[in-house]
Amino acid sequence: DNLPPILNALELDNNGTRLVLEVSQHLGENTVRTIAMDGTEGLVRGQAVADTGYPIRVPVGPECLGRIMNVIGEPVDERGPISSKKIASIHAAPPEFVDQSTEPEVLVTGIKVVDLLAPYARGGKIGLFGGAGVGKTVFIQELINNVAKAHGGYSVFAGVGERTREGNDLYHEMIATGVIKLEGASKAALVYGQMNEPPGARARVALTGLTVAEYFRDEEGQDVLLFIDNIFRFTQAGSEVSALLGRIPSAVGYQPTLATDMGIMQERITTTKKGSITSVQAIYVPADDLTDPAPATTFAHLDATTVLSRAISELGIYPAVDPLDSKSRMLDPRIVGAEHYDIATGVQRILQSYKSLQDIIAILGMDELSEEDKLTVERARKIQRFMSQPFSVATIFTGFEGKLVPLKDTIRSFKEILGGKHDAIPESAFYMVGDIDDVVRKAADIAREMAASNN
């Protein structure tokens, strides 16, 4: 009589384990086609299935902090049930246009290179590009740490179709760095649907993470950080599900609903008058082809991109953010102000000049450059070193105390370097420091040490 509506959750007992199915298609009068959220081995024909009467619902609220849950909200960290008072459906309408905030606002991260050259929008979406081993995870952890310190906000990490080992490592690193406290108040909630899960779970786990983040935004008025690692796997899982449901594929074999699937999820990530969800999405680019439909569809939604470069990490500069490749629509004089904009473009100009002079330096050496070019190179190298920054979460590995730099100090520091105020200070003083005052102190220490060694 009554077929369960599309997106409703169905439940059944699969040899002692609870299996959740999500209705995806109606076939005639009395049959539905569903997506399974777990393995379907052991199911038999004629088995009883119950309609829950609502979509998949998961626990939300402060009880989720410090815990790991799966796509259907079950804890997977072996620390007992999540004793949450509230549950929410993973499918929700995006905030109404009248409820959204239209004022562009910068989210200050305390990371110099990001705040100066590619600032993040509060309630915006940031793409994080980077190969293996250039520091994506440490960068994400520092953002979680800084947002908790500077804004008192929470973070939600959605692991979508990535390696289980990485998820496990991240959890233990978060415990080691104090982002998650087993006894005290944690700053982050984790939601995992890793590579070993069926496509149904991988296609929905980003929505589960988003639902947890929406509670903190809408009910507690927080500025929440939502990390999705990796947004490409969300599209990939959607493509697998689409093929299993018998839909005719579109370009490159992706699902015909690619743009809508992505849009429905991304539209929920926004700033409302109560709070905001700022999302940082790691993006895998298949075969390094930026025109592939999956990354190309993602780009349409991004406000900023942070590119981590292997060439910069090889110089020992961390965070290895590429200052010329990273972009943001917030770097606009009407949003950040004329001074910030002028200094950012001045920094990019001098780094670009240095890049174009590198071939000449490699072949002929520094001596062949004009005096003006020599000065450009010296300042550019100082700026490059100054873009490194000690991270709080990396203190246990580097021994450097972490520094969180306020935006006004970042602008002042780069302004002084560009203006030539610190031309006399050696390059080494600019490496792994906070603001320009730290550089001056470090230079004085270096001078004292040299004087002492000469005596």
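The table that follows gives values for the structure above.
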quantity: Qualifying residue in the range 172-185 (condition: closer than 27 Å to P295 by Cβ and within 16 Å of the chain's Cα centre (by Cα)); calculated: no
quantity: Among (1) assigned by TED's automatic domain parsing to the domain that holds G133; (2) more than 30 Å from L258 (Cα to Cα), the one test that A304 misses; calculated: (2)
quantity: Residue list for the range 350-380, filter: exposed (fewer than 11 other Cβ atoms within 10 Å of the Cβ) and either hydrophobic (A, V, I, L, M, F, W, C) or not assigned by TED's automatic domain parsing to the domain that holds Y431 (or both); calculated: A362, I363, L364
quantity: Tally, over the range 417-437, of residues that are charged (D, E, K, R) and out of contact with any Ser or Thr (no Cβ under 9 Å at 6 or more places or on another chain); calculated: 3
quantity: Filter result for V44 (of a type outside the set (F, W, Y) and either assigned by TED's automatic domain parsing to the domain that holds M174 or under 30 Å from T271 (Cβ atoms) (or both)); calculated: no
quantity: Residue that is nearest to the chain's Cα centre (by Cα), among those in the range 344-357 that are more than 14 Å from R379 (Cα to Cα) and not β-branched (V, I, T); calculated: A344
quantity: Within the range 296-305, considering residues that are of a type in the set (S, T, Y) and within 16 Å of Y254 (Cβ to Cβ), the one surrounded by the fewest Cβ atoms within 10 Å (Cβ to Cβ); calculated: T297
quantity: The range 214-232: number of residues that are within 16 Å of the chain's Cα centre (by Cα) and either under 18 Å from N168 (Cβ atoms) or crowded, with 24+ Cβ neighbours inside 10 Å (or both); calculated: 8
quantity: Test: residue in the range 115-132 that is farther than 18 Å from G337 by Cβ, of a type outside the set (D, E), free of Cβ contacts under 8 Å to residues at least 12 places away in the same chain and out of contact with any His (no Cβ under 6 Å at 6 or more places or on another chain); calculated: yes
quantity: Test for T211: is it among the polar types (S, T, N, Q) and surrounded by 24 or more Cβ atoms within 10 Å (Cβ to Cβ); calculated: yes
quantity: Selection count, the range 375-418, where residues are modelled with pLDDT of 95 or more, more than 21 Å from the chain's Cα centre (by Cα) and either of a type in the set (G, A, S) or within 18 Å of T109 (Cβ to Cβ) (or both); calculated: 9
quantity: Single residue of the range 164-180 satisfying the filter (of a type in the set (A, V, I, L, M) and in contact with a helix residue (DSSP H, G or I) (Cβ under 9 Å, 6 or more places away or on another chain)) that is nearest to N146 (Cα to Cα); calculated: V179
quantity: Hits in the range 46-84 - residues which are among the acidic types (D, E) and in a loop (DSSP other than H, G, I, E, B); calculated: E74, D77, E78
quantity: Any chance E173 is out of contact with any strand residue (DSSP E or B) (no Cβ under 6 Å at 6 or more places or on another chain) and under 22 Å from K274 (Cβ atoms); calculated: no
quantity: Restricting the range 280-295 to residues that are in a helix (DSSP H, G or I) and exposed (fewer than 12 other Cβ atoms within 10 Å of the Cβ), the residue that is modelled with the highest pLDDT; calculated: A287
quantity: Single residue of the range 412-455 satisfying the filter (part of a helix (DSSP H, G or I) and aromatic (F, W, Y)) that is farthest from S388 (Cα to Cα); calculated: F414
quantity: Top-ranked residue of the range 164-208 - restricted to ones that are of a type in the set (K, R) and in a loop (DSSP other than H, G, I, E, B), ranked as surrounded by the most Cβ atoms within 10 Å (Cβ to Cβ); calculated: K187
quantity: Residue, nearest to G152 (Cα to Cα), within the range 227-240, restricted to residues that are touching a Lys or Arg at 6+ places or on another chain (Cβ under 9 Å) and touching a residue at least 40 places away in the same chain (Cβ under 8 Å); calculated: D229
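Matching residues to (1) touching a Leu at 6+ places or on another chain (Cβ under 7 Å); (2) modelled with pLDDT under 95; (3) more than 26 Å from G133 (Cα to Cα):
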{"residue": "S309", "(1), (2), (3)": "no, yes, no"}
{"residue": "L315", "(1), (2), (3)": "no, yes, no"}
{"residue": "D325", "(1), (2), (3)": "no, yes, no"}
{"residue": "D332", "(1), (2), (3)": "no, no, yes"}
{"residue": "E339", "(1), (2), (3)": "no, no, yes"}
{"residue": "I343", "(1), (2), (3)": "yes, no, yes"}
{"residue": "L351", "(1), (2), (3)": "yes, no, no"}
{"residue": "I363", "(1), (2), (3)": "no, yes, yes"}
{"residue": "D373", "(1), (2), (3)": "yes, yes, yes"}
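The values are calculated or read from the model by the stated rules, or taken from the named source; none is laboratory data. This is a predicted model, so every value here is computed, not measured. Cβ sites come from the backbone with ideal geometry, for glycine too, and all protein chains shown count toward neighbours.
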